[in-house]
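Engineer: After the structure tokens below, expect a handful of questions from me.
The values are calculated or read from the model by the stated rules, or taken from the named source; none is laboratory data. The model shown is predicted, which means the values in this text are computed figures rather than measured ones. Every residue, glycine as well, gets a Cβ built from its backbone with ideal geometry; the counts of neighbours run over all protein chains shown. Each accessible area value is taken on the protein alone, full model and side chains, heavy atoms only, with ligands, DNA and RNA left out. Shrake-Rupley method; radii C 1.70, N 1.55, O 1.52, S 1.80 Å.
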Amino acid sequence: SNKYSEAEGKEYLAKLNQELLRYSNMAAIAEWAYASNITEENLQNKLKVAAETARFQKEAWKETIKYPWKEYKDPVVKRQFKKLSVLGSAVLPEDKYEKLDKIVSEMQNVYSVAKICDFNNKEKCDLNLEPELTLLMAKSRNPEELKHMWVQFRQQAGDKVRKEFTEYVALTNEAAKLNNFSDASEEWLKDYETEDFRDQIQALWLQLKPLYEQIHAYVRRRLNEKYGDSVVSKDGLIPAHLLGNMWSQNWGNIYEITTPYPGKVASDATPYMVEKGYDAHKMFKLSEEFFTSLNLTAMPDTFWKNSILEKPVGRNLVCHASAWDFYDGKDFRIKQCSRINMENLLVAHHEMGHIQYFLQYKDQPGNFREGANPGFHEAVGDTIALSVSTPKHLRRVGLLPADSKDDPESQLNYLYNMGLEKIAFLPFGYLMDLWRWDVFKGKTTPENYNCEWWKLRQQYQGIEPPVDRSEANFDPGSKYHIIASVPYIRYFVSFVVQFQFHRALCEKAGQFDPKDPDRLPLHECDIYQSKEAGNLFGSMLSMGSSRPWPDAMEVMTGQRKMDATGLMEYFRPLLKWLEAENKKTGEKIGWTPSDARHV
Ligand SMILES: C=C(C[SeH])C(=O)N1CCC[C@H]1C(=O)O
Ligand SMILES: [Zn+2]
């Protein structure tokens, strides 16, 4: 047979996959060493291993593209060649590849070591983002203290990396063009294999925007009542520092000051986690037990041995939570600077969802060991957490009092709390890459990085900075994913599809009936211990990226498209309540742009 026949191609793939897995394992080990202990030595080692890996990938790629794979018959062989025919940043000349790697590593270092002084004690200047500032942004009800932390963190993080980020954009675009993409945004979107992907996302946002405007109007009124007109206007933008989160991306931490029915039991497990002596290990064991109750896979011993589940003392590390596949079918890890509270319990489930996906597709060929699309990977843990978060489940595992009532007002409180997490996030999940796509396309230039950022924050989230901003600032650079070059539209996709997954699994578990949605409300569903649901989930997860994501979605939900009806069904009672409440208090729905207001 002539060289490069389909049989030859198949043999070539098998050998190449083994080599690629070996390099991926070495690269992950070097990256882990740096991310978990930021030292010059670990940086140099990471750069060296990354350069070796890139060199191998480039050599292999020159051979790969000689195979006439488009004429092959076997869809699995063709799909692997298709994936391997795009080289990624390894396409850059070695010096530029190393420069790009160095810049992203340095931006992560600046972000991870940023420290500010305490608002109340000017001598204490060792406050890190995690845990100190995260906890204070969640707890403080002092607008001046919140403003101090909001401004100071940005001064120590984003403002310091504006120049590096500009260089990062140029190099990332250069790599994209060498891979025959018009710019990096097109290379990032290839993972969705969907021609009109951006139009689909825009359509989903327009469907969900009314829900966001309702919760925005209600929260603005409650914050106006608490902080007064001089701090929060009745019909304008919400100041970003008052929403319980450094980036205003989810608002769960202001539940207690905006509760619809105060005095009713809060569905917050935090006090019960503390009372029961929870530590990080116990949080992750609780999550593991949920997965095994579904007949999904337990963590291998290496997970407990190699993971970092609490912030180590005495060294710098990247605290932003992450899950790692070491591509040897045995070594899987989480790195999380865990705190003992409900928010961290849900992040732990989020990360364990990544690990479960790794475990389910670990026997796929190397280049299929990824999510059906990146949004699916972000949705696994959150889908499970939708069951875990229910008052019914928290009572079941002893994280809410057994006798805590389930009356309609408590139910509404719970649904509102979930809305502060899931609905509030949607515009942020969208605008992050709306900004970056425009940057990669050159529509947003360094001269207007910050102005365009705040235009999007105003247009989509209806929020404004607590102090005037200028191009001396670089606020996008104060968000981890921007400086770590992690695409973000995956989270918007996740927040939509996780409700489609939840609905399908709840139906399978007999916990939801689409023909009688009021009998078993979707937001009360808990799939715990349903092996039928778990087997259905596993059948999708084990596919990895071996098939286009509509095929994977269809296996589990019967649908082939992203669809907002899952999220809308889950929050239907909340939307009704918010519309009635905002009508009663005569709220303006939406917001008048600040400049219009100042005129
Ligand atoms: C927990 C992770 C690690 Se993939 C994360 O980055 N998330 C989870 C939800 C949104 C996004 C964020 O924190 O910005
Ligand atoms: Zn994630």
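Engineer: Scan segment 371-414 for residues that are within 15 Å of ligand 1 (Cβ to nearest atom), open to solvent by 20 Å² or more (accessible area, probe 1.4 Å) and outside any helix (DSSP H, G or I) and jot them down.
Structural biologist: none
Engineer: Of all residues in segment 84-120, count the ones that are assigned to a strand (DSSP E or B) and of a type outside the set (A, V, I, L, M, F, W, C).
Structural biologist: To start, the set of residues in segment 84-120 that are assigned to a strand (DSSP E or B) comprises 115-116.
Right, trim to of a type outside the set (A, V, I, L, M, F, W, C) and you get 115.
Looking only at that region, the number is 1.
Engineer: Of the conditions (1) among the acidic types (D, E); (2) over 17 Å from L574 (Cβ atoms); (3) within 17 Å of the chain's Cα centre (by Cα), E471 fails just one. Which one is it?
Structural biologist: All conditions pass for E471, except number (3).
Engineer: Provide a single number: the residues in segment 359-381 that are within 13 Å of the chain's Cα centre (by Cα) and either of a type in the set (A, V, I, L, M) or closer than 16 Å to G534 by Cβ (or both).
Structural biologist: Total satisfying the criteria: 3.
Engineer: Now for a different question. Considering only segment 493-501, I want to know if a residue exists there that is open to solvent by 20 Å² or more (accessible area, probe 1.4 Å), polar (S, T, N, Q) and either out of contact with any His (no Cβ under 8 Å at 6 or more places or on another chain) or away from ligand 1 (no atom under 16 Å from the Cβ) (or both).
Structural biologist: No, the conditions are met nowhere in segment 493-501.
Engineer: Could you tell me which of the residues Y416, Y430, Y357 is modelled with pLDDT of 95 or more and in contact with a strand residue (DSSP E or B) (Cβ under 9 Å, 6 or more places away or on another chain)?
Structural biologist: Y357
Each row is one residue, and each column tells you yes or no for (1) crowded, with 17+ Cβ neighbours inside 10 Å; (2) free of Cβ contacts under 8 Å to residues at least 60 places away in the same chain; (3) within 31 Å of the chain's Cα centre (by Cα).
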residue: R22; (1), (2), (3): no, yes, yes
residue: E41; (1), (2), (3): no, yes, yes
residue: K46; (1), (2), (3): yes, yes, yes
residue: E63; (1), (2), (3): no, yes, no
residue: Y67; (1), (2), (3): yes, no, no
residue: S85; (1), (2), (3): no, yes, yes
residue: G88; (1), (2), (3): no, no, yes
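Engineer: Which of the following residues is in contact (Cβ under 8 Å) with a residue 40 or more places away in the chain, charged (D, E, K, R) and touching a helix residue (DSSP H, G or I) at 6+ places or on another chain (Cβ under 6 Å): R490, R457, R436, R469? Please lay out each step first, then the result.
Structural biologist: Working: R457 fails: touching a helix residue (DSSP H, G or I) at 6+ places or on another chain (Cβ under 6 Å); R436 fails: touching a helix residue (DSSP H, G or I) at 6+ places or on another chain (Cβ under 6 Å); R469 fails: in contact (Cβ under 8 Å) with a residue 40 or more places away in the chain.
Step by step, each of R490, R457, R436, R469 is checked, and only R490 is in contact (Cβ under 8 Å) with a residue 40 or more places away in the chain, charged (D, E, K, R) and touching a helix residue (DSSP H, G or I) at 6+ places or on another chain (Cβ under 6 Å).
Engineer: Out of all the residues in segment 474-483, which are within 13 Å of the chain's Cα centre (by Cα) and hydrophobic (A, V, I, L, M, F, W, C)? Before you say what the answer is, go through the steps one by one.
Structural biologist: Looking only at segment 474-483, we keep the residues that are within 13 Å of the chain's Cα centre (by Cα), and these are 479-482.
Of everything in segment 474-483, just one residue is within 13 Å of the chain's Cα centre (by Cα) and hydrophobic (A, V, I, L, M, F, W, C), namely I482.
Engineer: Follow-up. Only one of (1) assigned to a helix (DSSP H, G or I); (2) more than 16 Å from V467 (Cβ to Cβ); (3) not hydroxyl-bearing (S, T, Y) is not met by E123, so which one is it?
Structural biologist: (1)
Engineer: I would also like to ask the following. Please find, among K422, K455, K441, the residue that is within 16 Å of ligand 1 (Cβ to nearest atom) and modelled with pLDDT of 95 or more. First the steps, then the outcome.
Structural biologist: Details: K455 fails: within 16 Å of ligand 1 (Cβ to nearest atom); K441 fails: within 16 Å of ligand 1 (Cβ to nearest atom).
Going through K422, K455, K441 in turn, the sole match is K422.
Engineer: Could you tell me whether N295 is away from ligand 1 (no atom under 14 Å from the Cβ), polar (S, T, N, Q) and either under 29 Å from R220 (Cβ atoms) or in contact (Cβ under 8 Å) with a residue 60 or more places away in the chain (or both)?
Structural biologist: Values: away from ligand 1 (no atom under 14 Å from the Cβ): yes; polar (S, T, N, Q): yes; either under 29 Å from R220 (Cβ atoms) or in contact (Cβ under 8 Å) with a residue 60 or more places away in the chain (or both): yes.
Answer is yes for this residue.
Engineer: So, one more: Might you check whether a residue that is more than 16 Å from ligand 2 (Cβ to nearest atom) and without any contact (Cβ under 8 Å) to a residue 12 or more places away in the chain occurs anywhere in segment 359-367?
Structural biologist: No - not one qualifying residue is present in segment 359-367.
Engineer: Looking for whichever is of a type outside the set (A, V, I, L, M) and within 16 Å of ligand 2 (Cβ to nearest atom) here; the options are Y528, Y488. Which one fits? Spell out the reasoning first.
Structural biologist: Values: Y528 fails: within 16 Å of ligand 2 (Cβ to nearest atom).
On inspection, the qualifying residue turns out to be Y488.
Engineer: Which one of the conditions (1) away from ligand 2 (no atom under 16 Å from the Cβ); (2) surrounded by 23 or more Cβ atoms within 10 Å (Cβ to Cβ) does M432 fail to meet, given that it meets all the rest?
Structural biologist: Going through (1) away from ligand 2 (no atom under 16 Å from the Cβ); (2) surrounded by 23 or more Cβ atoms within 10 Å (Cβ to Cβ) one by one, M432 breaks only (1).
Engineer: Are there any pairs with C-beta distances below 8 angstrom linking a residue in segment 339-351 that is touching a residue at least 60 places away in the same chain (Cβ under 8 Å) and on the phi < 0 side of the Ramachandran plot to a residue that is part of a loop (DSSP other than H, G, I, E, B) and within 11 Å of ligand 1 (Cβ to nearest atom), with the two at least 6 apart or on different chains, and if so which?
Structural biologist: Note: pairs meeting the criteria are N344/Q336; A348/Q336.
Engineer: For segment 447-485, give me each residue that is away from ligand 2 (no atom under 16 Å from the Cβ), farther than 14 Å from L434 by Cα and of a type in the set (S, T, N, Q).
Structural biologist: Hits for segment 447-485 are N448, S470, N473, S478.
Engineer: Looking only at segment 528-580, filter to residues that are farther than 30 Å from Y218 by Cβ and β-branched (V, I, T); which one of those is nearest to the chain's Cα centre (by Cα)?
Structural biologist: Kept after step one, since they are farther than 30 Å from Y218 by Cβ, are these residues of segment 528-580: 528-561.
Filter again for β-branched (V, I, T), leaving 555, 557.
Values: V555: 24, T557: 22 Å.
Filtering first and then ranking leaves T557.
Engineer: Quick check: is even one residue across segment 509-522 open to solvent by less than 10 Å² (accessible area, probe 1.4 Å), under 22 Å from P573 (Cβ atoms) and not charged (D, E, K, R)?
Structural biologist: yes
Engineer: Still on this model: Do you know which residues across segment 165-223 are β-branched (V, I, T) and surrounded by fewer than 19 Cβ atoms within 10 Å (Cβ to Cβ)?
Structural biologist: Narrowing segment 165-223 to residues β-branched (V, I, T): 166, 169, 172, 194, 201, 215, 219.
The answer is T166, T194.
Engineer: Considering only segment 262-359, give the helices (runs of 4 or more DSSP H) lying wholly within it that have at least 3 residues that are surrounded by 21 or more Cβ atoms within 10 Å (Cβ to Cβ).
Structural biologist: Numbers: elements: 270-275, 280-293, 301-306.
Because the criterion is at least 3 residues that are surrounded by 21 or more Cβ atoms within 10 Å (Cβ to Cβ), the helices (runs of 4 or more DSSP H) in segment 262-359 that meet it are 280-293.
Engineer: Another question, if that's okay. What number of residues within segment 540-557 satisfy the criterion of being assigned to a loop (DSSP other than H, G, I, E, B), small (G, A, S) and open to solvent by less than 30 Å² (accessible area, probe 1.4 Å)?
Structural biologist: Filtering segment 540-557 down to residues assigned to a loop (DSSP other than H, G, I, E, B) leaves 542-548.
Next, from what is left, pick out any that are small (G, A, S): 542, 544-546.
With the extra rule that they be open to solvent by less than 30 Å² (accessible area, probe 1.4 Å), the set shrinks to 544-546.
Going through segment 540-557 one residue at a time, the tally reaches 3.
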